[in-house]
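The values are calculated or read from the model by the stated rules, or taken from the named source; none is laboratory data. Fair warning: this is a prediction, and the values are worked out from it, not measured in the lab. Note: ideal-geometry Cβ built from the backbone for every residue, glycine included; neighbour counts use all protein chains shown. Only protein heavy atoms, including side chains, enter the accessible area calculation; ligands, DNA and RNA are left aside. Shrake-Rupley method; radii C 1.70, N 1.55, O 1.52, S 1.80 Å.
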Amino acid sequence: MTGDDEAVRERVRSAVARALGARVREIELLSAGLGLRRFARVRLAPGGPAPSLIARVEAPEDPAGRPAGLAPEPPLEPIRALLEREGLPVPRRFGADDGVELLEDLGDVSLAELAPQLPPAERSALYADACALVPRLQRVADPGGVAAFSRRLDAAQLAYKGELFATHGLGRGPSAAERALVRDAFARIAQIVEAAPQRLAHRDFQSANLHVRETPQGRRLAMIDLQGAWLAPPEYDLVCLLRDSYVELPEAEIAQHFEATRLALPDRPDPDVSALRFALLGVARKGKDYARFLDVASRRGDRRALAFLPTTLRHLRASARAAAARDAAWRALAELVASLPEPTCAP
């Protein structure tokens, strides 16, 4: 056990005592993602509000993980409470203290872990359930006082993603012309994003952030990692889910889910406009993910995500090809992405 681990345990133990007046029986530290936030499963002594809960422990933010000059992510509340009031599946909150949120234990099974084990029909049905959450999110109105409605995917965010991709995603020794091509492409994506309808988006609506619970009524999904919610074009969360680095769906299934969800969106966007935005947002999202996986491995020595580079690159190439097929102005970008070398690094 490291000193950091023991410090996390002590923060959790103190938070449970102060916020809930409960006694901890056991604290199990859970595997962390690429962010610095820590999580623990807390088993409580009899008399607590639940047999177990999840402690979400805030940590100092990695300043390289967001654009310079932009504020860090807001806290989990009140966006969690708003989505709960709207009937969306989110974890209950038992309390909080000193940067530790005490939340419902949704179990260990995420869509990322379960989907590869399912027969195609069952997997597709579960993804249809996940996609059905996107229109529901977009119908949530701004009640005032919720930071998500004052945040949005904007030119600064997209410039950051483009710079990350130009710096870390083009392989060794990219030329000045290649860097300029990427920066110009992401600036043009920003113009299209600015002109699109702006709807509430989870922002990280990927399989790892959808937990699956077995109930008497069948499998049910619940969303976690909600604090990053913001306004974005209607296709943004679909890009996160269907162009996910952790689960690679067949292209035909991606198209099927995309079209079914487009028809259910509040705006019901034009099919051609929506498909182009889906492709370009895929370029921005997957270009950023591809570069960030490489950057985190290099800068922090955390090589776990390198295993997902091949899937990420395939999604990036598919998005760039789709954009170029709809508008020749994106052909040069698609050719550059197609020329990227196959990842050879292993975790």
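Placing +1 at every Lys and Arg Cβ and -1 at every Asp and Glu Cβ, with all other atoms neutral, what dipole size does the chain have around its Cα centre, in debye to the nearest 20?
It works out to roughly 140 debye.
Taking H as built 1.01 Å from N, whose amide H comes closer than 5 Å to the amide H of residue 52, not counting residues under 5 places away?
Amide H neighbours of residue 52: 44.
Run through all the Cα pairs of the range 278-347 and give the fraction in each 10 Å bin from 0, expressed as whole percent.
Histogramming the range 278-347 at 10 Å steps yields 23, 48, 23, 6 percent.
Using DSSP H assignments, which helices in the chain have an axial alpha-carbon span of 27 Å or above and a mean Kyte-Doolittle hydropathy of -1.0 or higher?
In the chain, the long hydrophobic H runs are 120-138, 176-195, 271-300.
Tell me the per residue accessible area of the chain using a 1.4 Å probe; a whole number in Å² is fine.
On a per-residue basis, the chain sits at 44 Å².
Most fluctuating residue of 336, 241, 170 in a GNM of the chain with Cα springs under 10 Å: which is it?
The residue that fluctuates most here is 336.
Note down the relative contact order for the chain as a percent, whole number, built from C-alpha pairs under 8 angstrom at least six residues apart.
15
What does the charge add up to near residue 275, with Lys and Arg as +1, Asp and Glu as -1, over the other residues with Cβ less than 10 Å from its Cβ?
Here the charged neighbours net out to -1.
Using all C-alpha to C-alpha distances in the range 212-274, build P(r) with 5 Å bins and read off the rounded percent in each one.
Going out from 0 Å in 5 Å bins, the range 212-274 shows 3, 13, 21, 21, 21, 15, 4, 1, 0 percent.
What is the log10 of I(q)/I(0) for the chain, computed with the Debye formula using one identical point scatterer on each Cα and no solvent, at q = 0.06, 0.09, 0.16 Å⁻¹?
Per q value, in the given order, log10 I(q)/I(0) is -0.22, -0.50, -1.56.
Pairs of Cα atoms under 8 Å, at least six residues apart: use those to get the relative contact order of the range 123-196, whole percent.
34
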